[in-house]
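Visitor: Below are the structure tokens for one structure; questions will follow.
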Amino acid sequence: AAAVAAVARSPFGTIVGPDPSPVAAVRSSLAAAAAAAAAGGGPERAAKRAAAGRLSVRQRLATLLDAGSFTETDALLSTSGEGGPVGEGVVTGYGTVGGRAVGVYAQDFTVLGGSLSGGHAAKIAKVMDGAVAAGIPLVGLVDSGGARIQDGVGALAGYTRIFRRAVAASGVVPQLSVVLGACAGGAVYAPALTDWVVMEAGGGSMFLTGPGVVRAVCREEVTGQDLGGAAVHARVSGVVGLVRAGEVDTLRAVRQLLSYLPSNWREAPPRVAAAAPAVDTDGGAGASVPDEDPALDTVLPSSADAPYDMVNILSRVMDAGSLFPMHHGWAPNVITAFARLGGRPVGVVANQPAHLAGVLDADASVKAARFVRFCDSFGLPIVTFTDVPGFLPGTAQEAGGVIRHGAKLLYAYAEATVPKLGVIVRKAFGGAYCVMSSKELGGDVNYAWPSAAVAVMGARGAVGVLKGGGANANTWEHPDLEAEAEYAVSYENPLAAVRCGELDAVIPARSTRRVLLADLERLVGKGRAGHVRAVLPKKHGCIPL
Ligand code: HXC
């Protein structure tokens with residue numbers, strides 16, 4: 001009778017009156033399993049997390065996905081036998097974000113710390129396969145202590161299964177990982193293999209092993225946040241590409257990020273209605289900027305060495321409110337941001353003279369290289385704004401591998417076949433000129449503002465070398481201003497570059513948006529008739545990792 005009563009309440013069917021058939025027993029088992037799956041790690045753990053202000057795993061999914069769009073898969077998967085967790089501690093399935101389908105998994109920390117068993121891995125692997133088959137992005141909500149210790153090699157093999165799938169899916173569908181709790185071991189390597197790691201500041205953290213193991217092995221006392229919180233990974237290590245405070249805002253940011261991305265590499269990025277740029281007015285909502293914007297003619301400081309915020313230029317060129325910086329806190333001397341130009345998503349790479357004069361160093365190179373490669377994978381045109389005095393010299397950079405890391409950026413730009421549009425707004429010196437989407441790297445359109453300086457190096461260094469004595473010439477302490485002025489006229493301008501075709505044109509700063517809009521419109525079909533330069537037959541290139 002109890003079984004029948006349970007069935008009457010179960011989602012698997014309502015029976016009117018007593019049902020003595022064997023089907024009733026099956027339905028009763030299903031109902032019990034569903035109840036166990038829904039309970040996760042049990043009411044006590046759930047209450048503890050709720051009291052700590054944390055969302056439950058299903059609340060997280062409801063926040064990420066469009067209302068009512070979630071369809072769960074493998075809710076009752078249970079491979080650990082009697083007493084093992086029904087549902088394996090992870091909720092998987094499909095839903096929509098802004099009306100577009102995504103595959104999702106969300107780990108439930110209340111079930112053995114969200115740790116991964118063979119069955120848990122099987123559920124994730126299945127939804128990964130489903131996302132690739134459907135050509136839709138995969139979003140993982142990660143909250144896990146890593147490989148489940150009790151599962152031994154089954155857990156390790158499970159993670160490896162996921163790693164291999166993530167690699168296979170790389171460049172096929174966008175893969176995002178959202179770190180919402182303390183994550184260790186495989187729970188950090190699985191995100192590291194995806195395109196973007198998003199972290200909730202304060203709630204999320206990532207480390208190979210937690211503070212306990214660090215204490216035991218390294219005799220180091222450290223909190224989880226100091227070891228692998230947002231302050232570390234969004235600013236120093238570069239593991240995290242996007243960070244927000246609070247679970248709700250973090251999940252909303254993931255929705256926003258998805259709005260720039262196509263569902264898979266064969267699809268065009270989603271276009272929206274164009275919106276003229278807008279700039280903040282005092283306390284106002286933002287004044288609309290025309291496509292021909294005279295303010296850009298005077299946006300640069302009068303001194304060629306004075307810092308300024310490149311965002312002021314980007315926000316006058318890109319569609320209103322569309323600039324969406326990634327890796328904002330890491331290597332801020334280069335900006336990598338999604339944006340829209342005439343409603344079309346693009347990737348923006350721009351030197352940031354407000355930090356370290358916009359110089360390229362090892363971290364900035366890796367940051368931009370990764371971004372260029374991502375944009376190229378998913379068909380996002382790359383718009384590059386250059387104001388760079390060069391690669392950062394010095395012992396720390398050399399020992400830190402600036403040569404190796406700078407090479408990544410060269411490689412990424414050279415291989416990218418998406419439309420590449422470039423504007424030199426001020427300086428473009430030396431190797432940094434070459435690397436920032438220059439013509440010989442395959443730039444489709446290359447412009448400079450009239451004030452631009454394109455040269456092998458800046459005047460002071462160049463005069464020292466040209467006067468003889470090479471590195472010993474001390475023009476820094478005793479500048480030769482007359483020679484510098486001559487150098488500026490002869491070399492530090494865009495004239496030579498435009499004469500030899502390395503620049504397509506010198507454009508008035510005010511016309512930047514109008515010109516780029518026209519170019520983008522034309523270049524959308526790039527590659528449909530084949531590429532100008534043939535790709536040599538090979539298995540794959542050997543990117544200088
Ligand atoms: C089994 C685990 C677990 C794990 C946590 N739990 N991690 N159970 N396997 N890997 C369980 C705990 O026993 C506890 O169970 C519950 O989850 C919550 O854990 P707490 O420690 O109480 O929570 P907290 O203080 O918030 O600390 C979270 C944590 C910590 C930082 C993640 O649990 C931790 O350090 N876990 C071990 C992390 C680790 O070293 N993993 C590496 C695995 S190796 P109860 O019953 O009390 O609720 C790996 C290799 C993969 O993943 C391959 C990589 C290439």
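Visitor: For the stretch 29-114, compute Rh as the Kirkwood radius over C-alpha pairs and then the Stokes-Einstein diffusion coefficient at 10 °C and 1.306 mPa s; write the answer in µm²/s, rounded to an integer.
Guide: Numbers: Rh = 13.4 Å.
D, rounded to a whole number, is 118 µm²/s.
Visitor: Given axes a ≥ b ≥ c from the Cα gyration tensor, I'd like to know whether the stretch 418-545 is rounded (a/c under 1.5), prolate (a/b larger than b/c) or oblate.
Guide: Verdict is oblate for the stretch 418-545.
Visitor: While we're here: Kindly state, as a whole number, the per residue volume in cubic angstrom of the convex hull around the alpha carbon atoms of the stretch 191-330.
Guide: It comes to 189 Å³ per residue, whole-number rounded.
Visitor: A follow-up question, please. Using a Förster radius of 41 Å, what is the FRET efficiency between E415 and E72 based on their Cβ-Cβ separation? Nearest 0.05, please.
Guide: After rounding, the FRET efficiency stands at 0.55.
Visitor: On average, how much area does the Cα convex hull of the stretch 249-349 cover when viewed from any direction, in nm²?
Guide: Convex hull of Cα atoms, orientation-averaged projection: 8.4 nm².
Visitor: Over all Cα pairs of the chain, how is the pair count split among 20 Å bins, expressed in % and running from 0 up to the last occupied bin?
Guide: 20, 47, 26, 7, 1, 0
Visitor: Another question, if that's okay. Which value in nm describes the separation of the simple spin-label points at T209 and K467, placed 7 Å from the Cα toward the beta carbon?
Guide: Output for this residue pair reads 5.8 nm.
Visitor: Just tell me which lysines come within less than 26 Å, Cα to Cα, of K526; anything on the same chain fewer than 8 places away is out.
Guide: Partners within reach: K367, K408, K420, K439, K538, K539.
Visitor: Compute the label zone of V311 within the stretch 344-361: residues whose backbone N is under 13 Å from the point 7 Å along Cα-to-Cβ.
Guide: It comes to 352-355, nothing else.
Visitor: What ranking do I149, I313, I507 get, fewest neighbouring Cβ atoms within 10 angstrom at the top?
Guide: Working: I149 12, I313 24, I507 18.
Fewest to most other Cβ atoms nearby, the residues stand as I149, I507, I313.
Visitor: Between R219 and K48, how high is the FRET efficiency from 1/(1 + (r/R0)^6) when r is the Cβ-Cβ distance and R₀ = 45 Å? Nearest 0.05.
Guide: FRET efficiency, R219 to K48: 0.90.
Visitor: Show log10 I(q)/I(0) for the stretch 272-427 at q = 0.11 Å⁻¹, two decimals, from a solvent-free Debye sum over equal Cα scatterers.
Guide: -0.44
Visitor: Evaluate the stretch 343-499: find the radius of gyration of its Cα atoms, find its Kirkwood radius, and give the ratio Rg to Rh.
Guide: For the stretch 343-499, the value is 1.00.
Visitor: A further question on this structure: Which peptide among 321-328, 519-526 comes first, and what is the full order, when sorted by highest mean count of other Cβ atoms within 10 Å?
Guide: The peptides rank, most packed first, as 321-328, 519-526.
Visitor: Right, something else. To make sure I understand the rule: partners must be lysines, Cα under 28 Å from the Cα of K123, and not fewer than 8 residues away in the same chain. Which ones qualify?
Guide: K48
Visitor: I'd like the antiparallel share, as a percent to the nearest 5, of DSSP beta bridges with both residues in the chain.
Guide: Here the share of antiparallel DSSP bridges comes out near 40 percent.
Visitor: Can you sort L536, L380, L495, L296 from fewest to most other Cβ atoms within 10 Å of each residue's own Cβ?
Guide: Listed from fewest to most nearby Cβ atoms, that is L536, L495, L296, L380.
Visitor: For the stretch 341-457, calculate the relative contact order in percent as a whole number, restricting contacts to Cα pairs under 8 Å that are 6 or more residues apart.
Guide: So the answer I get is 27 percent.
Visitor: Continuing with this model, one more query. Near the amide H of V240, under 5 Å away, which other amide H atoms are found, from residues 5 or more places off or on another chain, if H is placed in the peptide plane?
Guide: Long-range HN contacts for V240: A234.
Visitor: Please list, or write none, the aspartates and glutamates whose alpha carbon is within less than 14 Å of the alpha carbon of K467, excluding same-chain residues fewer than 8 places away.
Guide: Result set, ordered by chain and number: D480, E482, E484, E486.
The numbers here are math on the coordinates, done by the rules we state, and not lab data. Not measured: the values here are computed from a predicted model. Backbone-built Cβ (ideal geometry, glycine too); neighbour counts: all protein chains shown.
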